[in-house]
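**Q** A single structure is presented below for examination.
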Amino acid sequence: MEASDGEGGGDTEMMQQETAPVPALSKKTKQPKECFLIKPKETSEDATKTRKRRKKKITDVLAKSEPKPGTPEDLQKLMKDYFSSNRSVIELEELNLPDSCFLKANDLTHSLSSYLKEICPKWVKLRKNHSEKKSVLMLIICGSAIRALELIRSMTAFRGDSKVMKLFAKHIKVQEQVKLLEKRVVHLGVGTPGRIKELIKQGGLNLNPLKFLVFDWNWRDQKLRRMMDIPEIRKEVFELLEMGVFSLCKSESLKLGLF
């Protein structure tokens, strides 16, 4: 009986030792694995959701915000922001353009023709008196070649017999444009700041006879961006302004308009 009790007790103790720790070990080993596998999934999904929320938020703000017409103050502020990194306080003050150089801005009720008629009521007389080659009386600056073509088509009521030239890079080499400007008298130029800059650099376009510089300011593309919202175009615009436009504005021989 003692032997059997001893053996029975031994078996019980052995069973407890064998069975009791096993579930505890399996639980300990399973739990970290489950946590490890689930955590990355949650983090990845959360990050994706956050990115989606951010993109949606930006789009919603742009889509739902009411269009506000551009003002001279908007241009002045953008200029200060752009040049502040490499100009002194005194140099930044010199960039301030006089109020007198700004034309009335488009209040979003105008077509291009009606806006140009308002800011330049004596266009026909100006056009008839213009005979200087390698120059234009009016420049309209926009963000792309496609937009430039749209603007040219939409200004027929204003331009009349004026000679209009496309000043962008698409399908037209800069050398061809230089030759055309040398051969004929052009009254209106419509194009992108990058190509206009290049024409000035190559001596094909002289800004001194220029009377009006109009920015296609308020129009938005498919992504709801205005011309000056695109960093590359904004950079080209300000580099163009440094190529004689600032000095012409301060001498009051050139007027700026925001369409």
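The values are calculated or read from the model by the stated rules, or taken from the named source; none is laboratory data. Just so it is clear, the model here is predicted, and its values are computed rather than measured. Heads up, the Cβs are rebuilt from the backbone with ideal geometry, glycines too, and the neighbour counts pull from every protein chain shown. For the accessible areas, the whole protein counts, side chains as well, though only heavy atoms, and no ligand, DNA or RNA atoms are used. Shrake-Rupley method; radii C 1.70, N 1.55, O 1.52, S 1.80 Å.
**Q** Could you say which residue among Leu181, Leu151 is in contact (Cβ under 8 Å) with a residue 40 or more places away in the chain, open to solvent by less than 10 Å² (accessible area, probe 1.4 Å) and either within 24 Å of Pro69 (Cα to Cα) or outside any helix (DSSP H, G or I) (or both)? Let's see the steps before the verdict.
**A** Details: Leu181 fails: either within 24 Å of Pro69 (Cα to Cα) or outside any helix (DSSP H, G or I) (or both).
Only one candidate passes the filter, namely Leu151.
**Q** Can you work out which of the residues in the stretch 127-146 that are within 22 Å of the chain's Cα centre (by Cα) and open to solvent by 40 Å² or more (accessible area, probe 1.4 Å) is farthest from Lys235 (Cα to Cα)?
**A** Kept after step one, since they are within 22 Å of the chain's Cα centre (by Cα), are these residues of the stretch 127-146: 139-146.
Next cut, open to solvent by 40 Å² or more (accessible area, probe 1.4 Å) only: 144, 146.
On the way: Ser144: 14, Ile146: 20 Å.
Ranking the qualifying residues of the stretch 127-146, first place goes to Ile146.
**Q** Of the residues Leu95, Leu112, which single one is in contact with a helix residue (DSSP H, G or I) (Cβ under 7 Å, 6 or more places away or on another chain), open to solvent by less than 10 Å² (accessible area, probe 1.4 Å) and touching a residue at least 24 places away in the same chain (Cβ under 8 Å)?
**A** On the way: Leu95 fails: open to solvent by less than 10 Å² (accessible area, probe 1.4 Å).
One residue alone meets the criteria, Leu112.
**Q** Go through (1) more than 20 Å from Phe215 (Cβ to Cβ); (2) in a helix (DSSP H, G or I) one by one and return the number of the condition Asp161 breaks.
**A** So Asp161 meets the others, but not (2).
**Q** Does Asp161 fit the bill of being open to solvent by 60 Å² or more (accessible area, probe 1.4 Å) and in contact with a helix residue (DSSP H, G or I) (Cβ under 8 Å, 6 or more places away or on another chain)?
**A** yes
**Q** If Ser100 passes every condition in (1) at pLDDT 95 or above; (2) of a type in the set (Ser, Thr, Tyr); (3) exposed (fewer than 13 other Cβ atoms within 10 Å of the Cβ) but one, which one does it miss?
**A** Failed condition: (1).
**Q** With the condition kept exactly as written, say whether any residue in the stretch 190-201 is part of a loop (DSSP other than H, G, I, E, B) and of a type outside the set (A, V, I, L, M, F, W, C).
**A** We begin by selecting, within the stretch 190-201, every residue part of a loop (DSSP other than H, G, I, E, B); these are 192.
Narrowing the set further to residues that are of a type outside the set (A, V, I, L, M, F, W, C) leaves 192.
Yes - at least one qualifying residue is present in the stretch 190-201.
**Q** To continue, here is another question. Of all residues in the stretch 126-148, count the ones that are closer than 20 Å to Pro209 by Cα and part of a helix (DSSP H, G or I). Working first, answer last.
**A** Let us first name the residues in the stretch 126-148 that are closer than 20 Å to Pro209 by Cα, namely 126-141.
Those left that are additionally part of a helix (DSSP H, G or I): 126-129.
Within the stretch 126-148, residues that are closer than 20 Å to Pro209 by Cα and part of a helix (DSSP H, G or I) number 4.
**Q** Pick out the one residue from Gly194, Gly244, Gly189 that is among the small types (Gly, Ala, Ser), touching a residue at least 40 places away in the same chain (Cβ under 8 Å) and either open to solvent by 60 Å² or more (accessible area, probe 1.4 Å) or closer than 24 Å to Lys128 by Cα (or both).
**A** Numbers: Gly194 fails: either open to solvent by 60 Å² or more (accessible area, probe 1.4 Å) or closer than 24 Å to Lys128 by Cα (or both); Gly244 fails: either open to solvent by 60 Å² or more (accessible area, probe 1.4 Å) or closer than 24 Å to Lys128 by Cα (or both).
Gly189 is the lone residue from the list that is among the small types (Gly, Ala, Ser), touching a residue at least 40 places away in the same chain (Cβ under 8 Å) and either open to solvent by 60 Å² or more (accessible area, probe 1.4 Å) or closer than 24 Å to Lys128 by Cα (or both).
**Q** Is it true that some residue in the stretch 117-126 is within 25 Å of the chain's Cα centre (by Cα) and among the basic types (Lys, Arg)? Steps first, answer last, please.
**A** Quick first cut of the stretch 117-126, residues within 25 Å of the chain's Cα centre (by Cα) only: none.
Looking for residues that are within 25 Å of the chain's Cα centre (by Cα) and among the basic types (Lys, Arg), one finds none in the stretch 117-126, hence no.
**Q** Among the numbered criteria (1) within 17 Å of Gln76 (Cα to Cα); (2) at pLDDT below 95, which single criterion is violated by Leu258?
**A** (2)
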